[in-house]
Amino acid sequence: MSDSTINKNIGFSAAFGAATLMGFVGFFARHINAQGDVIAFSRMLCGAILFFFILMYLGRLSDLKKYKLSPAMVCSGFFMGTCLSAYVAATQLTSIANAVFFIYIGPIISTVLAIIFLKEKLKPVTLLSIALVFMGMLMIINLVTVTDGGLSIGMSFSKETFVGDMLALASGVGYGLFLFFGRYRTEVPGDVRSFWNFVFALAGICMLFLFTNPTVSQMTASDWIWWLAIGVVCGFGALSLCTIATRHLQAAEFACVSYWECVVASIIGILVFSEPLSAEQMIGGGLIIAGGCSETIYSLFGRRKAVSASAQV
C-alpha cells in the first residue's frame, strides 16, 4: 500500500477502538459457562457471517475472488483464532497475570518481526512509548509491585500450571504472528481481509476442537445470549477494527496502543465487579495512557509536519 493511501487518523482510531472492545472480553466471558475455545468460536463465527452479509449487501461478493488468497492472509486468520483460543484456555489453567503477560508479548514480537522482515523503522520515541506501556502492563496486572525494598516481581511457575503457561506463551506468539502477517496484503480492502481472517480463524479453532472435545450441554439460554454478544462485540467489532488498524499503522505504532485494553479491563473490573485498584495499578494505567498517547500524538503531528515541509519544497 502506498503512503498516499495510509491514514494514520483511521489507524489510531481503529486501534483504540479495537483495544477498547477487547477490554470487554472478561466482562462477557464471566457470564458464559463454556470452554475457552467455544467462546473464541463465537467471536470468529459472528465475524465471518456478518462480513459475508455486509459484502453481499454491498454487492461485493465478487471481491472475494478478485483479491486472491495468499499464505500471509491464511496465516493471519489461522493465528488469530488459535491464539485467542489458547489464551482463554490458559486463563483456566494458570494465573491470570501469567496469561496476560504472555499474550502481551505478542505486540513486541510483531514489532521485532516487522523491523527484521518488513524493514519498518523503530523511532526513539516509539521505543520509549513501548517501554512505558509494557511496564504499565506489568504493574496493572500486579506482576510488578512497589515494596519497601524496591520492586517485586510476582510471576511464578510450577508443575501444576505448566500446561497453562505453555498455552499462554503460545497465545502470545500466535498474537504476534497474527499482527505481523496482518501487515501484508494491505492493498486488499478491510472487509475482504476481515472476512478471510475470520474464516481461517474458524478453521484453526476447529482443529483445536479435535484435541479439546468441547461440550455445550451445560449452556443455558442466558449463556447463549452472552455467547452471541461476545461474538458481535469482541469478535466482529474488535477484531475487524484490529484488521483496519494494522492496514494503516506500523507494527510498533499498533503495539503502543494495544495495551489500552489492560486499562479498559481494569476500569470494567472496578465499575462492574467492584474490584479494588491498587496504587501500582493506577500508576501502570497512567504509564499505558502516557505511552499510547505520546506515540499517537508524535506519529500524527510528526507526519503532518513532514508532509507540510515536503509541500513547501
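The values are calculated or read from the model by the stated rules, or taken from the named source; none is laboratory data. Quantities reported herein were computed from a predicted structural model and do not represent experimental measurements. No Cβ is skipped: glycine too gets one built from the backbone with ideal geometry, and neighbour counts run over all protein chains shown.
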message: Contact list please: Cβ distance under 6 Å, first residue in the stretch 115-128 and surrounded by 15 or more Cβ atoms within 10 Å (Cβ to Cβ), second residue acidic (Asp, Glu) and in a helix (DSSP H, G or I), pairs at least six apart or on different chains.
response: Thr126/Glu295
query: In the stretch 237-286, how many residues are under 28 Å from Leu55 (Cα atoms) and of a type in the set (Gly, Ala, Ser)?
result: 6
message: If I go through the stretch 1-60 residue by residue, how many of them are basic (Lys, Arg) and farther than 21 Å from Trp226 by Cβ?
response: 2
task: Could you tell me whether Leu84 is among the hydrophobic types (A, V, I, L, M, F, W, C), surrounded by 18 or more Cβ atoms within 10 Å (Cβ to Cβ) and touching a Lys or Arg at 6+ places or on another chain (Cβ under 8 Å)?
output: yes
field: Among the candidates Ile10, Ile54, residue that is touching a His at 6+ places or on another chain (Cβ under 8 Å), surrounded by fewer than 18 Cβ atoms within 10 Å (Cβ to Cβ) and among the aliphatic types (A, V, I, L, M)
entry: Ile10
Top-ranked residue of the stretch 175-210 - restricted to ones that are assigned to a helix (DSSP H, G or I) and of a type in the set (D, E, K, R), ranked as surrounded by the most Cβ atoms within 10 Å (Cβ to Cβ): Arg193
- prompt: Out of all the residues in the stretch 21-64, which are without any contact (Cβ under 8 Å) to a residue 24 or more places away in the chain and of a type in the set (S, T, N, Q)?
  reply: Ser62
- request: For Thr126, state whether it is of a type outside the set (D, E, K, R), at pLDDT 85 or above and over 30 Å from Lys65 (Cα atoms).
  value: yes
